[in-house]
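Here is the structure we will look at.
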Amino acid sequence: MSDVTNRSGNAPVSPGRSELDAFLANLKKHPGPSTRGRLIFALDATASREATWDTACKLQADMFREAGSLGSLEMQLVFYRGLGECRASRWMSDSAHLAKTMSQVMCRAGQTQIEKVLNHASKETKLLKVSAGAARQLAELLKAVAVFATGGLTALADQHSASAIKLLGQLK
């Protein structure tokens, strides 16, 4: 049995704006042969996020709208909260519906369950073919985001990868 509860049968670290734009532009230029691209937005909905949840909803809605503007991208919201709860929305291309789904999520006390989110993403990825270049670019971006999240601007500045430099440019 999966650790992630799907709301329907085939059913949220914020990247720098230019990196997300570059990723989406690349996806637009190189769509799969007859498949739609897929992007998972993974979110921490534990109680520690409650004070900033409204702001997060607004920012994520902007990201959903940008991602949805491609027209060839399916998006999924995956969030964790409470004691062992981790849920995934169905895959959808309507960014307004995805934003509405997020706005209905309420924060609950609990522990970080990022492993469940990553396991879910891994299972979904095995169902799709992903180009090595796109996967590498996303991995580099996520590494830069993780460095920033754990060590701040100083730690990010110590990195010399293209993704770190681009992320720094967005944060200054």
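Only the coordinates and a few stated rules stand behind these numbers; no lab work does. It should be emphasised that the depicted structure is a prediction, and the values quoted were computed from it without experimental measurement. Cβ atoms come from the backbone with ideal geometry, glycine included; neighbour counts cover every protein chain shown.
Can you tell me the length gained on complete extension of the stretch ARG65 to ALA22, counting 0.36 nm per residue apart and subtracting the Cα distance?
Length gained between ARG65 and ALA22: 14.0 nm.
Kindly rank 103-113, 76-86 from highest to lowest mean number of other beta carbons found within 10 Å of each residue.
Descending mean neighbour count gives 76-86, 103-113.
How many nm is it between the label spots at LEU171 and ALA134, if each spot is 7 Å from the Cα in line with the beta carbon?
2.7
Using 0.36 nm per residue of separation minus the Cα-Cα distance, give me the extension gain between THR55 and ARG90 in nm, one decimal.
That pair, THR55 and ARG90, stretches by 10.3 nm at full extension.
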